[in-house]
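This report refers to the structure that appears directly beneath it.
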Amino acid sequence: MKRFELAFIIIIIILSLANGCKSKRPATAQANGKSDSLAIALADSLRQTDPWLKYSFAERQGKQLFEHYCAVCHGAQGVGDGFNSYNLDPKPHSLADSAYVAALSDATLAQVIALGGRGVNKSVLMPAYQQTLNQDQISYLVAYIRTF
């Protein structure tokens, strides 16, 4: 009988503790919606600073590829100021020039990446990446370049 009473008391204690641990939203936050707007502002702030939230999957993949292959000449921000750009004549074009890049289609950008400058009658100093990158990787680069 003592075991039964002890087990019953332990169950009651566990249930009362479990019920007390449930989080409840304060009534004031429900009434004025401030917590919702605060959560939205926090999410927007994180999206601006955290690359995992700022970019889509394709853009994140393109960012990795860009930093590995392209930033040497085009710079981390795509403005054509990479550490190797000072050795090049002509200088790499700024990919952050929104008017210039907006005028190019995705297919044109992919062609420039794949064939290099020589393949599209641009600077012969831009290497061709069709043997290095597959078609998906080139499209990821195009998606990331569009974010500049």
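The values are calculated or read from the model by the stated rules, or taken from the named source; none is laboratory data. Quick caveat, the model's predicted, so the values are computed rather than measured. Heads up, the Cβs are rebuilt from the backbone with ideal geometry, glycines too, and the neighbour counts pull from every protein chain shown. Surface accessibility is based on the protein's heavy atoms, side chains included, excluding ligands, DNA and RNA. Shrake-Rupley method; radii C 1.70, N 1.55, O 1.52, S 1.80 Å.
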Problem - Criterion violated by Gln77 - all others in (1) outside any helix (DSSP H, G or I); (2) within 17 Å of Thr147 (Cβ to Cβ); (3) open to solvent by less than 60 Å² (accessible area, probe 1.4 Å) satisfied - result: (3)
Exercise for the section: Select from the range 56-79 the residues that are without any contact (Cβ under 8 Å) to a residue 24 or more places away in the chain, over 20 Å from Gln135 (Cα atoms) and within 16 Å of the chain's Cα centre (by Cα) and list them in ascending order. Expected result: Ala76
Practice task
For the range 80-111, enumerate the residues that are under 23 Å from the mean Cα position of the chain (by Cα), among the aliphatic types (A, V, I, L, M) and under 24 Å from Asp136 (Cα atoms).
Solution key: Leu95, Ala96, Val101, Ala102, Leu104, Ala107, Leu109, Ala110
Handout entry: Scope the range 114-138; condition assigned to a helix (DSSP H, G or I) and either open to solvent by 60 Å² or more (accessible area, probe 1.4 Å) or at pLDDT below 95 (or both); matching residues
Key = Leu115, Gly116, Gly117, Arg118, Gly119, Gln135, Asp136
